[in-house]
Amino acid sequence: MHFQGFWLCLGLLCLSINAEFMNEDVEMADYNENSEETVVNEDELFSEIKYKTPQPIGEVYFTETFDSGRLAGWVLSKAKKDDTDTETSIYNGRWEIEELKEHPVPGDRGLVLKSRARHHAISAGLAKAFVFADKPLIVQYEVNFQDGIDCGGAYIKLLADTDDLNLENFYDKTSYTIMFGPDKCGEDYKLHFIFRHRHPKTGVLEEKHAKPPEVDLKKFFTDRKTHLYTLVMNPDNTFEVLIDQIVVNKGSLLEDMSPPVNPPKEIEDLSDEKPDDWDERAKIPDPSATKPDDWDESEPAKIEDLNVNKPDGWLEDEPKLIPDPSAKMPVDWNEDMDGEWEAPLISNPACQVGCGEWNPPMIDNPKYKGVWRPPMIDNPSYQGIWSPRKIPNPDYFEDDHPFLLTSFLALGLELWSMTSDIYFDNFIICSEKEVADRWAADGWRVKRMMEKANEPGVLTQLRTAAEENPWLWIVYIVTAGLPIALVISFCWPRRAKKRYEDAEYKKTDICRPQTKGRLEQAMKEEKGALEKPVNLEEEKKQSDGEILEKEEADPEEKSEEEIEIIEGQEEGNKSNKSGSEDEMKEADESTGSGDGPVKSVRRRRVRKE
């Protein structure tokens with residue numbers, strides 16, 4: 001039993017140590033579509049990360065990695081916002097091609113927005129226009145807010161294929177088909193998906209906004225990691241928005257956009273007016289109710305408490321503030337220029353209890369009833385809330401295929417930001433999800449592996465979390481103390497139980513086998529004792545009296561543990577005595593001796609006990 005307890009304690013101790021100090025050099029880094037992770041060793045990870053510029057497979061409309069270090073094919077805008085001449089309206093924000101500031105992958109570069117509080121505009125043409133027909137649209141790129149984000153966006157615009165498209169004049173009013181990407185200002189974190197739908201009757205382009213994602217987007221703006229943003233639009237009018245290859249928003253272009261693509265069949269008649277006698281009151285005062293005769297409206301809501309007297313020592317003639325007697329006029333004070341100098345006011349030290357006019361406190365007036373008003377009843381003439389009549393919508397249409405949008409021919413970034421060093425990388429526009437996933441595996445996943453390899457260990461993360469939320473220290477202490485308490489409870493039982501076991505162990509030592517030699521020695525001693533029966537009886541009484549006096553003198557000094565041990569010993573002594581008697585009888589029978597005195601001694605001992 002003791003060995004089992006030892007191994008149990010040792011096992012619990014090992015488990016607690018393993019859970020507390022797990023190997024920090026082992027982390028993850030391989031994602032599949034279901035966000036599965038593969039654990040790898042950190043040292044091996046660095047040696048295995050060999051970045052190679054992603055190469056598209058299959059049909060693509062646009063790709064860009066910036067690994068060449070040149071902005072080949074990209075055009076900086078020379079336009080002015082809103083065609084004004086002010087300095088702030090110029091698109092003069094600076095762009096650079098750089099590596100990531102933290103955890104860079106050797107050989108990998110991206111496009112970085114470098115200026116604060118300036119307008120930025122840059123764009124690039126597609127290899128060929130994307131025409132919305134029978135193929136899905138997949139747009140994917142990476143963003144890293146390297147310094148966090150105060151107010152600004154990192155969204156892209158897919159510029160419509162129009163006759164007047166000029167990338168050098170790209171600005172906020174340039175026609176676009178889709179706008180997609182993250183945006184933040186204040187505490188409002190957004191992930192835009194907006195498409196412009198042309199009204200088939202009026203020809204006006206209307207913006208349709210997807211419903212907000214039902215996930216917390218804050219961490220994607222604040223963790224300073226590279227995140228992958230993906231938009232998927234399908235010919236069946238469905239869409240998906242993904243972050244790091246995980247769906248965060250999806251729905252229908254017909255049902256989950258605001259305002260909806262198709263207008264209502266009926267609209268309100270703006271020429272309709274509410275009749276003058278239309279009664280919208282659901283409740284009215286009861287015309288048959290009258291004010292009670294004893295209703296006194298003149299009673300105030302508060303009255304003075306007449307049971308309170310002015311405190312002793314209240315000085316009504318003393319001011320609450322007096323000029324500071326220790327203050328002196330400054331040496332450079334000029335009364336002609338600065339006016340008459342006055343000492344600053346301080347609290348009157350004489351006002352220990354109070355100063356000024358004393359007024360008793362105000363209490364609620366028990367006689368107050370207020371202005372009488374008749375009770376409210378249901379209005380028998382109630383007609384409901386008026387609304388204009390409905391008429392057929394002259395602009396009504398039904399578009400069953402909103403996916404068939406205006407084709408686009410370029411991709412552009414038109415941004416304003418109060419934070420610099422926003423990193424963009426690995427743009428791709430294609431029609432096959434497998435192509436986009438392979439592109440992400442060769443680019444974004446490598447960055448993700450590098451970030452994971454450089455993440456702090458478990459203990460460091462716990463300490464950082466506790467610094468932000470001090471109450472977590474309590475959770476840590478309880479979590480760490482629980483296995484220790486379990487180990488102590490299993491390995492060190494109560495002292496009373498141990499004492500009791502020791503006592504039982506000692507009791508068994510008393511029960512010794514009675515040999516023939518010992519029996520003969522015992523008989524001789526008892527025979528000698530019979531010769532002095534009086535002395536034995538007196539000795540016994542004397543010993544019994546001493547024990548009784550000791551118990552009466554100190555009955556409460558024994559602890560509960562000692563009482564349990566004594567009771568156990570008494571039970572053991574009884575069993576030992578009965579066992580000794582049986583053994584002595586058996587010894588008598590075995591000897592077969594006719595020694596009368598010895599037999600009488602045996603009988604006398606049995607009677608005594």
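From the residues in segment 480-492 that are open to solvent by 90 Å² or more (accessible area, probe 1.4 Å) and in a helix (DSSP H, G or I), which one is modelled with the highest pLDDT? Before the answer, list the steps.
The first filter runs over segment 480-492 and keeps only residues open to solvent by 90 Å² or more (accessible area, probe 1.4 Å), leaving 482, 484, 490, 492.
If we keep only those that are in a helix (DSSP H, G or I) too, we end up with 482, 484, 490.
Numbers: L482: 78, I484: 81, F490: 72.
Result: I484.
Please find, within segment 110-126, the residue that is modelled with the highest pLDDT out of those that are among the charged types (D, E, K, R) and within 35 Å of the chain's Cα centre (by Cα). Spell out how you get there, then give the answer.
Taking segment 110-126 first, the residues among the charged types (D, E, K, R) are 114, 116, 118.
With within 35 Å of the chain's Cα centre (by Cα) added as a condition, the list becomes 114, 116.
On the way: K114: 94, R116: 91.
Among those that are among the charged types (D, E, K, R) and within 35 Å of the chain's Cα centre (by Cα), it is K114.
Among the listed residues S123, S115, S175, which satisfies the condition of being open to solvent by less than 70 Å² (accessible area, probe 1.4 Å), among the hydroxyl-bearing types (S, T, Y) and farther than 28 Å from V60 by Cβ? Walk me through how you get there before you give the answer.
On the way: S123 fails: farther than 28 Å from V60 by Cβ; S175 fails: farther than 28 Å from V60 by Cβ.
Criteria check complete, one pass: S115.
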Can you find even one residue in segment 344-357 that is outside any strand (DSSP E or B), on the phi < 0 side of the Ramachandran plot, open to solvent by less than 80 Å² (accessible area, probe 1.4 Å) and acidic (D, E)? no
Residue count, segment 213-235, condition closer than 27 Å to D421 by Cβ and loosely packed, with under 14 Cβ neighbours inside 10 Å, comes to 5
Give the residues of segment 248-259 that are open to solvent by less than 80 Å² (accessible area, probe 1.4 Å) and either touching a Cys at 6+ places or on another chain (Cβ under 6 Å) or assigned to a strand (DSSP E or B) (or both), sorted by residue number. V248, N249, G251, S252, M257, S258
Being in a loop (DSSP other than H, G, I, E, B) and open to solvent by less than 10 Å² (accessible area, probe 1.4 Å) is the filter here; which residues of segment 147-172 pass it? A154, F170
Scan the helices (runs of 4 or more DSSP H) fully inside segment 364-472 and keep the ones with 1 or more residues being open to solvent by 60 Å² or more (accessible area, probe 1.4 Å) and hydroxyl-bearing (S, T, Y). 458-468
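For segment 260-319, which strands (runs of 3 or more DSSP E) that fit wholly inside it have 3 or more residues that are loosely packed, with under 12 Cβ neighbours inside 10 Å? Spell out the reasoning first.
Details: elements: 266-268, 283-285, 302-304.
The strands (runs of 3 or more DSSP E) meeting that bar number zero.
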Scan (1) of a type in the set (S, T, Y); (2) under 19 Å from D183 (Cα atoms); (3) buried (at least 16 other Cβ atoms within 10 Å of the Cβ) for the single condition T238 breaks and write down its number. (2)
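The values are calculated or read from the model by the stated rules, or taken from the named source; none is laboratory data. Here the structure is a predicted model, which is why all the values come from computation and not from measurement. Positions of Cβ are generated from backbone atoms using ideal geometry, with glycine treated the same way; all protein chains shown enter the neighbour counts. What goes into the accessible areas is simple: the full protein's heavy atoms, side chains included, and nothing from ligands, DNA or RNA. Shrake-Rupley method; radii C 1.70, N 1.55, O 1.52, S 1.80 Å.
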